[in-house]
Structures are given as C-alpha cells and as structure tokens.
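The values are calculated or read from the model by the stated rules, or taken from the named source; none is laboratory data. All figures in this text were calculated on a predicted structure; none of them were measured in a lab. Every residue, glycine as well, gets a Cβ built from its backbone with ideal geometry; the counts of neighbours run over all protein chains shown. Surface accessibility is based on the protein's heavy atoms, side chains included, excluding ligands, DNA and RNA. Shrake-Rupley method; radii C 1.70, N 1.55, O 1.52, S 1.80 Å.
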Amino acid sequence: FSVPGTMSKYPELHKPVSFAPKWEVDLTDVNQGWRPCPPEVDDALYKAQVKGMQSIEMEMGQFRYRITFEGYGRAVQENQKTKKKRTLRRPDMAADTGDTGGPQPPTSGAWPRGQGPSSTQPRSSDPKWYVRLNGQWKEQAAEVAEALEEAYKAGQTEVHYKNGQHSQKAVLQRMIQVNIQTGKERQIRRVGPEGSGMASTMGNAGARFQVFLDRGWKNVPEDQAAVIAERAARGETVFRTSFRGWDYEIDLENMVQRNCRTGMSRSLRQLDAAAANAAPVRHNVVGMSKGHRETYRNLCRSGNGGLTAAEATKVWQGRNVGQPEEGWRNTLVTEGAKLLFERIALVAGPVTEDEWVHYWALAASAPSVHGLQVIQQGLRTGPGRSVVRMLLDTFEAVDSTASGDITLEEMRKASMMLRDKCRHGEVVAHAQQWIQGTPSGFETDDTLNYFDFVTELVGRPKHEVELYQYDISKGVSSVFAPLLLGMSMEGVWHTGVVVYGKEYWFGGAIFE
C-alpha cells in the first residue's frame, strides 16, 4: 500500500490513525455486498479529508485507484486501468448518504469507548499535560506540566513558562499554548483521573462557541453550544449532534464542525472568558425583550418619554451608598454610563425603550464589539430609530422556536412582512433581495440571529481591501545587489494588506 502523488506532500498522512472512521466498498456486483476497507485505506481517507483534499490516488496490489469524495461520508473509487468504479461509504453515516443496511451509528453518535481521539493517550493516576505538534499529541516536559497543573488547580486562566529556549503562555480557558515571540498557537490538553482539560474548559455549562461562515464568526446557538459542552464534559472529542433537522459531526480535536449531509466543514472556536462574558449569554430576543423592558422602566422614573445617562447614573450610584471607595465607584459609574448611552443612542437625546431593547439584543448576538458598533452606526446614518420597533417585532414574530435564531425560510417570511409594512426604502430594498432568493454566502443549513437579521436589512458597509506587493528598496537593490552580494536581485519584495487607510503585514506578529 502506498499513497503517491499529492499526498506525498503530507508525510504525516502515512502514520496510522487508530480512531479513523471505518469505510466500506460496494461489492454487490460480485455478490459480496458491502465489505470493510483495509485499515490503511480508512486512515488515508480520514487524513485526506482533514487536509481538505477532494481526491487521492493510491496503489493496492497491482492496481492504482483514484478516490473522489462526494460529501463527507461517501466517495467513488475508480480503477485507473480498467476504469471500473465502485462506491465507498462510511457505515456510521449511511442514513445521510441514502444507503440502507450495514451497521448504524450508536444512539449517542459518539465514538465507541477506547476508539475516540480522547483515548489515544495513556491515562494514569497522575494528570498529564500534552501539546499538539504536527498533528500528534506530545507529552509536555515535566517542569512545564508542573507549572500548568499548578495554575490549573489554582483556577488561573493564564500561566507563563519557559519551554526550552522559547517563552510560552498557556491560556487555560481556551486550552492553547502561545509562543510569545512568534504568536504561534498550539492546542494543549490535560489527561488525568478528573478528565481532560478539554472537558474542564469546554465542558463548562456556560461555554460559548463560534463557527466561521463566509460572513465571519457567528455565535453557535445556545442549545447547540450546550450540547457541545455537555459532550465535552464526558470526555468526547468527536461526536454527532442534530440541530434544526441537520446532522453535524463535531471534531473538538481539530475544532471543526462538519455537515454530515453536505460535507461542508467549518472552523469552530471557543470564546475565552473575556469574550464570553462581554455580552449576555442568552440571545433569545423574546425573553430578553421582556427583561430589558422591565430594566428600562425601573431606570426611567421621570416618565418624560426617554432615559438619559444622568437618570441611569443616579439609580446606579444609589447602589454604592456606604460601599468602600464610594467616590471612586461613583466616578466610574458616571463615565461608564456616558459611554454606554453614546453607544445605545441612534439619535441625539434621551434613549427610547425600543432603542434600549434593540441594543441589548444586538450585544447578545453580535460576534464582536466592533461588529455591534458598525451596525449601530449604519442605523444612525440610515433609517435611524424609526425602524427599530418594527425590526424587533418582526424577528420575534418569525422566530418559531423562540431560540433567537431563524432559518433562511423564516428570513424570507420576515422580509415579506417588512416589504408590506416598512416605509424606509433601504430596508425594503434589502428585504426584496431576500424575497427574490437567498443572497450569496449562505449555506442551506445556515441560521440568522438578531445581529445577522439586522445586518441583512440595514446593510453592512463595504470597504475596499487591497493586497500590496512592492520593492521596499525602490529599485536600489537591482543596481547594488550584483556589486555587494554577487547576485542579481530584482527587488526586496514586501507584501501587506491595506484596509481602512492602513497597511498590515505579518512578521512573527501583526504589524500596522
């Protein structure tokens, strides 16, 4: 067995993978039915898909074969000499590929005990720490493991240490190791009697995750994130889960979410503690709307048709009476309230109840603070506060599951509702685009939270991004290189990305 051609660029693909999913080949034409593929084929197919390859070539016996993937659990094998084609399948995904018969996946969708990636390292009575290098888990040096374990038991989120000649920082909330000089990140894990480090961080009940779409990082819905956290807490690292009628394979070893039906793979990440706590975890707009309206009414005691920073400050400062450093606390509340109301207000003057609720619904679903500010600014220069109540009501009306996420079909329904009752031309124009068809950049299983919903209807500002490549010697190298270096040099080439009027480039870290 050999794997020539393009796969030779990845020598690690030749290493055995004990937990590779099993594949079967269709031999019904010779009355043998579905037969298991050799383990070497299972390993090669798994590693090829991890690398994102569409096809591989391999030799078995005297024949050479090309295997082309058709979705994540199905492939076609072609004999390069006879051109005979056979179908390959993953039996644990037979329901998704339309096949019948064959072994079915376990009801939990998890790897069988002793076969998953989480079981590839030996366990002992003493916890061990590992770092992921070149696709393999390598045990950390004793002094590094001691520093990590000490920080872990103390509940610290970060710890600094030396690893050979390199200064490293471990972020325990995300279970990564960062090289201070280069910024290179690597996964780390803790294996011991109390479970893995992955379980201890991803398994937190409030753990939050994001998935990368064409439109950027998007929060994973709460119920789906809760399932990931629960399975991670059991020590599972590769498992299947269902959401809104779609089956997904979650690979926490490589932080990938794969759609079992379409084969689409997306990067997955866990938010660190600071990002996770920056906004309320709950983004169910219906539930949040009621709670934030009550908060607003408790703060707005004047009844003058709006809430000001001064009114809110007075209430909040009242909670500091008798507290240590009361004066300092009051100053902090005053400045914080000013900044908050500047971000909430869509027009000058007091903040309305709808503005208040809308802002917190956005804050709970936006992928970043910057994204939140961009959309707020778009509303200020566009439709303003006049459409906020309509956007809130429409989203609540179409969110059939009250989960804070709507399907593409529910988005089209919302667009038709807005087309009929909204009078702002820009919002109607964006709604009409959805009525005519799903805009590019969306997959069939995508959902939209409130931030996505507002973004699609208000419009996201676009900025030109340019790739620069130029000679930083300005032509001097072509003249002096032969004299000084004894060789021809057309230029000293430099590349960078230019956006927002600034150039950014990478040189061990990101420079501006």
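Can you give me the number of residues within region 381-397 that are open to solvent by 20 Å² or more (accessible area, probe 1.4 Å) and at pLDDT below 90?
4
Provide a single number: the residues in region 367-412 that are over 16 Å from Ala345 (Cα atoms) and outside any helix (DSSP H, G or I).
11
If you check Asp399, Asp445, Asp471, Asp405, which single one turns out to be of a type in the set (Asp, Glu) and more than 24 Å from the chain's Cα centre (by Cα)?
Testing whether each residue is of a type in the set (Asp, Glu) and more than 24 Å from the chain's Cα centre (by Cα) leaves just Asp471.
Specify which of the listed residues (Ala199, Ala207) is modelled with pLDDT under 85, small (Gly, Ala, Ser), assigned to a loop (DSSP other than H, G, I, E, B) and over 14 Å from Gln257 (Cβ atoms).
Ala207
Could we say that Glu466 is within 30 Å of Glu409 (Cα to Cα) and among the charged types (D, E, K, R) here?
No, not satisfied.
Report those helices (runs of 4 or more DSSP H) wholly inside region 413-509 carrying at least 1 residues which are open to solvent by 30 Å² or more (accessible area, probe 1.4 Å), touching a residue at least 60 places away in the same chain (Cβ under 8 Å) and touching a Cys at 6+ places or on another chain (Cβ under 6 Å).
none
Say we look at region 9-37 and pick out the residues that are open to solvent by less than 60 Å² (accessible area, probe 1.4 Å) and in a loop (DSSP other than H, G, I, E, B); which of these is modelled with the lowest pLDDT?
Per the criteria, the residue is Val17.
Which members of region 314-328 meet the condition of being touching a residue at least 12 places away in the same chain (Cβ under 8 Å) and open to solvent by 30 Å² or more (accessible area, probe 1.4 Å)?
Trp316, Gln317
Would a scan of region 171-184 turn up a residue that is open to solvent by 50 Å² or more (accessible area, probe 1.4 Å) and part of a strand (DSSP E or B)?
Within region 171-184, none of the residues are open to solvent by 50 Å² or more (accessible area, probe 1.4 Å) and part of a strand (DSSP E or B).
Could you list, in sequence order, all residues of region 219-239 that are touching a helix residue (DSSP H, G or I) at 6+ places or on another chain (Cβ under 8 Å) and farther than 23 Å from Leu362 by Cβ?
Ile228, Ala229, Ala232, Ala233, Arg234, Gly235, Glu236, Thr237, Val238, Phe239
Where residues in region 139-161 are surrounded by fewer than 16 Cβ atoms within 10 Å (Cβ to Cβ) and touching a strand residue (DSSP E or B) at 6+ places or on another chain (Cβ under 6 Å), which of them is modelled with the highest pLDDT?
His160
Any chance region 331-340 includes a residue that's touching a Gly at 6+ places or on another chain (Cβ under 7 Å), open to solvent by 30 Å² or more (accessible area, probe 1.4 Å) and either closer than 17 Å to Met390 by Cα or not aliphatic (A, V, I, L, M) (or both)?
For region 331-340, residues touching a Gly at 6+ places or on another chain (Cβ under 7 Å), open to solvent by 30 Å² or more (accessible area, probe 1.4 Å) and either closer than 17 Å to Met390 by Cα or not aliphatic (A, V, I, L, M) (or both): absent.
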